[in-house]
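Taking it in order: structure first as structure tokens, then the write-up.
Please treat every number below as a calculation from the coordinates, not as lab data. Values in this document were obtained by computation on a predicted structure and should not be read as measured data. Note that we place each Cβ from the backbone using ideal geometry, even for glycine, and neighbour counts take in every protein chain shown.
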Amino acid sequence: MDDEFYVGYLDRSPPGLRRWARRVVSTVAVLVAGLTALVASRLQPAEPGEFEFGVQTPFEGVLFETPLPILRTETPGGPPIHRLLVGPGKHGLPEFARGHHGERVRFAGTRIHVGRSEMIEMNAPESFLSLGPATNAATASTVVGDVELTGELVDTKCWFGVMRPALGKVHRACAVRCLSGGVPPGLLLRDDAGNAVTVLLTGPGGAPLKFDVRWAARTLRAIGRLGVEGEVPRLEVSELVPVDP
């Protein structure tokens, strides 16, 4: 009959129960703090990249539909800048920009960029204006040579900054939709220090690459001819196969 008993309508609980409750609460607080610190220490830092959502920037340059949808913009006293082009959402070059290969165009869009790689989301069709054929409608293409590369198949729009995380199984469903919608495919390569570079993938002769979009987020081996469009590395693929199960 001497056991302490909690009564809810009393102002204070018995001394023994108060001490027991304090120990339990203190122990749980320490465990939660420790578990939080452990989880945080094991998290990978987010990949770099930025999507300037809601910001409209004016652009003018020469539009190329093949071998990649690119806008080439001249810079005073420097080399031209080459930016990939995509549409809103999970889509590649929008319909209103098609049929203007080799023309100088002007439009507003949203920048997506990671490192030195840039992309423009063409999301303002009313701003698009063709200024006629460009005087120099050829891309500055340089051939490096035949190579074999191994890396992860990514959709470049998400990887450049629209989505985080943009890699691995957690992003596979999103990447499949982006690639099926026409977003340029890329092969993500890393060196021993973890530094990343994305090589854009096209088919033979610069035609669109035909591949299974379900390979997104998987490790692939790509064989082909490596070149550079301006500063954009591009692999003209002759063979593309998964190397992971």
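Brief remarks on what is shown
- Mean-square fluctuations from a GNM of the chain, with a 10 angstrom spring cutoff on Cα atoms, peak among ARG18, ARG177, ARG116 at ARG18.
- Ordering 153-163, 117-127, 186-196 by mean Cβ neighbour count within 10 Å, with the highest value first, yields 153-163, 117-127, 186-196.
- Each label point was placed 7 Å from the Cα along the Cα-to-Cβ direction; for ASP212 and THR75 their separation is 4.1 nm.
- Alpha carbon centroid spacing (whole Å) that separates region 191-245 from region 16-78: 26 Å
- Summarising the amide proton neighbourhood of GLY151: residues at separation of 5 or more, or on other chains, whose placed amide H is nearer than 5 Å comprise LEU220, ALA222.
- Enclosed volume per residue, in Å³, of the convex hull spanned by Cα atoms of region 141-242: 102 Å³
- Potential extension, GLU50-ASP146 segment - 0.36 nm per residue separation minus Cα distance: 31.3 nm
- Once the Cα-Cα distance is subtracted from the 0.36 nm per residue extended length, the ASP244 to GLU126 segment shows a gain of 38.0 nm.
- As computed over the chain, the Cα convex hull volume per residue (Å³): 227 Å³
- The angle between the Cα long axis of helix 15-42 and the main principal axis of the chain comes to about 20°, on a 0 to 90 degree scale.
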